[in-house]
Every structure is written in structure tokens, then in C-alpha cells.
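Nothing in this text is a laboratory measurement; each read-out follows from the coordinates by a stated rule. Every value quoted in this text rests on a predicted model; they were computed, and no experiment measured them. Cβ: placed from backbone, ideal geometry, glycine included. Neighbour counts: every protein chain shown.
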Amino acid sequence: MSHIQLDDLRKRFGDVEAVRGIDLEIEKGEFLVLVGPSGCGKSTTLRMLAGLEDISEGELRIADERVNGVAPKNRNVAMVFQNYALYPHMTAAENMKFGMKSAGDYGDDEIERRLDRAADILDIPELMERKPGELSGGERQRVAIGRALVREPEVFLLDEPLSNLDAKLRVQMRAELLKLHQELQTTTVYVTHDQTEAMTLGDRVAVLDAGQLQQVAEPQELYDFPANRFVAEFIGNPAMNLVPVDVVEDGGEVRAEHEGFSVGLPDQAGLDDAVGQSAHFGIRPEDVSLAGNLPADAPTHEITVSVTEPLGESLLMHCDVGGDEIQVKAEPRAEIRPGDDIEVGFDEERLHLFDQSGDAVYHSTSATPKTSEAPLTE
Ligand SMILES: Nc1ncnc2c1ncn2[C@@H]1O[C@H](COP(=O)(O)OP(=O)(O)OP(=O)(O)O)[C@@H](O)[C@H]1O
Ligand SMILES: [Mg+2]
């Protein structure tokens, strides 16, 4: 039995349909990340789970109980907001206790016990008497999480809780959230627009665009088997290269033909359907190699480097191939300058094709997708 079940969940604000029919089952103890661009309906979905937003249509079940009209305080969920929403005139301890006190269901001893435990877990006992104005962003963030922890809820809902922190602290808090989840095993729904955060935190990741789920899968699965162009471009940084090609059969071999290259496609599911069609060919910047790193007989293609960006751990190159731009990741100290013509090869286990509607029709990898939401099982 899944812990949280969304069944064709919809939300309309007047004429705007912010959430357009989401079906999703979240397992008990799972860390599910809801990711997508700004305005795609992430917060609205989370707020419906919390009970802060009415559900326009569809059904929401938590622990097998329909909770559509149930008030937030009766759902046994705790939410952490992006802006922390701490009371400025209260100390950290008072902020964390406030919800328990106003609920009136807890004795003083119980409140103190929970407060001490949450402060210990988050390593903030020494901050308890300070007010939010006397705390750093990261410390405020912990207090906000602490306020959710003391409720000892069945479900944590977190809305971009790290987005106000600087890059270094974000990475640190990410690891702490993972540790916390390993310890408590509380079912968690975590909203972010940051694909790195999604990939690193999620047991599974649900990708949302324009109020609709695009794909739900484990992180590596999303990366290896994107269901459509949106997911292919959203997951992974820099984004997957996509260029228009014709898929043709040539002497028993199927090839993707482009102005600037022609690539043989290993036989895998979906390939037959692609033959004779125009499609978008996808390859990630890290799956393109300089010819020097490839076996002598590997097929290569000539591309022209237009811009180089040293990233420290790699050299990112923007290149022209037959009038289209692709990005290529090379080793950091490669002696390559803008204007150079270079030979590259594509990793033949990492090729993707997307049809005119944007759906994935082919992935060249010989591995098989694990989840039922993967594109090739339809
Ligand atoms: N109270 C409201 N009234 C009208 N429209 C709203 C309201 N709340 C949200 N919307 C609209 O619903 C859509 C989804 O908003 P939502 O806040 O869920 O997006 P989001 O994915 O959380 O974006 P972000 O990453 O920017 O936080 C947006 O188009 C937004 O303008
Ligand atoms: Mg939001």
C-alpha cells in the first residue's frame, strides 16, 4: 500500500489550470523529489498535500484515507517553507514549540522532550534562545526544519528549503537532509527547481512541466532513459544536445543522418519504428569524446569549436556541427582553442532519439529500463 496517493489531482485558479491531472503513488519512507521549472505547479501540488490549498478535482489519499477536505492540522503532515516563516519576536525554541503549544494536545514534558530531541538531531541546542534575527540563513533553516521535526509527523513536505542558502551551505545541508532521512525514514516530498538537488536527494524523482508529470523514476533512470525531450534537457547539466536528423536504413544498418555527421545506431527496442522518420538525435556533452581517447577504428566526426569554457574539472566546448550547436565536455587541460576543427566520437551506448512530438522512441544502451514509467514499454 502506498503512503500517499494522488489520483488525477487538479488545481484551478480561475482560468489558470496550475495542476493538470497528477497520478502519483509515494511509498512509506520514500524520499520523493518533485522537480520542474518555475511556475510548473510544484508548490501548488505540495500545498494540496499539506491541505493549504483546496483540491479542484481528483483524489488525495494519505495512509489510505481520503483527505481531500481534511484540515492541515488533522493530516499529520509538517511543511517546511522556502522563506522559513519563523516568528521574528520568538526565540528558536519558542518558534519550534509554537505549533505544539497551540495544538494543545501535548503536555509540557512531552513538548520539552521533543524540542530537545529535534535540537540534538539538528545540532542546534546552543541556538535555542536566539531570535531569528540573530541567526544565519543556514541556522534559520535548521530551526524551520526543527519546527517540522517536533511534530513527529508521518509526512514531511519541503518546499525549496535550501534555495536561500549559498552554494556551499546548500551542498552541506543537502547531505544533512539525507542523513536525517536515513535516520528517521519519514515519508518526504521535497520540491525544488534544481535538478542537481533532485538527483542527489531523491529515491525517486517526479519531473513536472506545465502542471503535468513528465516522468517518475529513480535518478539514474531519468538520466539514462528520459521519456521525452523535456526530461532529457531538464535532467543533466549541461543539458543533453539535441539536433534534428533523418533516421535511414542503409545496407542493413540504421543510421542517424545529419548535415554534419552520420551515426550508426545499435539495434535496440524502438529502432524499427524510427526508421524513415525525422527525429531529434540526443547525446550528452559528457558522452562525446575527443578522437585521441578512442580506439583507432572508432567512427569520428569533425566539429568546429566556437567557444571554450574551462570549468576546472573539465573543459566545456560549444561547437558547430553542420550548422547546429552541440556542447562537448573534454578533459580540463586539452589544448583546444576557439576556431579549431576537432575530431570527436559519440559513445554508441548513449544515443537517444525523440520523435516529432518530443517522445523518446529509442535509447541505444543495452541496459533495460527498470520502471514501468519508462518510455519504451508503452
Ligand atoms: N493563488 C494563486 N492564484 C492564481 N494563480 C496562482 C496562484 N498560486 C499559483 N498560481 C499559478 O499557478 C501556477 C503554478 O504555481 P506554483 O507556485 O505551483 O509554481 P512552482 O512550480 O512552485 O514555481 P516556483 O518554482 O516559481 O516556485 C503559476 O502559473 C502561478 O502563477
Ligand atoms: Mg514554488
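Compute the semi-axes of the equivalent ellipsoid of region 237-377, taking the square root of 5 times each eigenvalue of the Cα gyration tensor, and list them largest first in whole Å.
27, 17, 14
Using just the C-alpha positions of region 1-56 as equal point scatterers, what log10 of I(q)/I(0) does the Debye formula give at each q in 0.20, 0.27, 0.31 1/Å?
Computed log10 I(q)/I(0) values: -0.75, -1.25, -1.43.
Once both labels are modelled 7 Å past Cα along the beta-carbon direction, what's the VAL16-LYS168 spacing in nm?
For the pair VAL16/LYS168, the computed spacing is 3.8 nm.
Within the chain, which whole H helices from DSSP have a Cα span along their axis of at least 20 Å and a mean Kyte-Doolittle hydropathy of -0.5 or more, if any?
Membrane-span-like by this rule: 167-184.
Please tell me the relative contact order of region 237-377 in percent, rounded to the nearest whole number, where contacts are Cα pairs under 8 Å and at least six residues apart.
For region 237-377, the relative contact order is 26 percent.
In a shell of Cβ-Cβ distance under 12 Å around SER366, excluding SER366 itself, what net charge do Lys and Arg (+1) and Asp and Glu (-1) give?
Its environment carries a net charge of -3.
Consider a paramagnetic label point 7 Å from the Cα of ARG333 along Cα→Cβ; state which residues of region 263-298 have an amide N under 20 Å from it.
Only 290-294 pass the distance filter.
Please compute the Kirkwood hydrodynamic radius over region 39-128, one decimal place, Å, based on all pairs of different Cα atoms.
15.3 Å is the Kirkwood radius here.
Of LEU122, LEU115, how do they rank once you tally other Cβ atoms within 10 Å and put the fewest first?
So the residues, fewest neighbours to most, are LEU122, LEU115.
How high is the relative contact order of the chain? Use alpha-carbon pairs under 8 Å, at least six apart in sequence, and give a whole percent.
Once normalised by length, the contact order is 15 percent.
Which one, ALA85, LEU290, VAL321, projects farthest toward the positive side of the charge dipole computed for the chain from Cβ point charges (K/R +1, D/E -1)?
With unit charges placed on the Cβ atoms, the residue in question is ALA85.
Sorted from fewest to most neighbouring beta carbons within 10 Å, what does the list ARG61, ARG151 look like?
By the 10 Å Cβ count, ascending: ARG61, ARG151.
Given the options PHE98, PHE234, PHE281, which has the most mean-square fluctuation in a GNM of the chain, springs set between C-alpha atoms less than 10 angstrom apart?
Ranking PHE98, PHE234, PHE281 by mean-square fluctuation puts PHE98 first.
What's the magnitude of the charge dipole for region 283-341 around its Cα centre, counting Lys and Arg as +1 and Asp and Glu as -1 at the beta-carbon? Answer in Debye, nearest 20.
140
Show log10 I(q)/I(0) for the chain at q = 0.10, 0.12, 0.15 Å⁻¹, two decimals, from a solvent-free Debye sum over equal Cα scatterers.
-0.75, -0.96, -1.24
Can you give the helix-only mean residue ellipticity at 222 nm for the chain, where every DSSP H stretch with n ≥ 4 adds -39500 (n - 2.57) and the sum goes over all residues, rounded to the nearest 500 deg cm²/dmol?
-7000 deg cm²/dmol
Under a Cβ-only charge scheme (Lys and Arg +1, Asp and Glu -1), can you give me the dipole magnitude of the chain about the Cα centre, in debye to the nearest 20?
2200
Using Cβ contacts closer than 10 Å as the measure, can you line up VAL16, VAL191, VAL275, VAL305 from fewest to most?
Ascending Cβ contact count within 10 Å gives the list VAL16, VAL275, VAL305, VAL191.
Using C-alpha positions alone, give me the convex hull volume of region 4-229 per residue in cubic angstrom.
129
Net charge within 13 Å of GLY138 by Cβ-Cβ distance, Lys/Arg positive one each and Asp/Glu negative one each, not counting GLY138 itself?
It works out to a net charge of +1.
Please report the net charge: other residues with Cβ closer than 11 Å to the Cβ of ASP8, K and R +1, D and E -1.
Around ASP8, the surrounding residues sum to -2.
Over region 47-193, what is the relative contact order in whole percent, taking alpha-carbon pairs under 8 Å and six or more residues apart?
Once normalised by length, the contact order is 28 percent.
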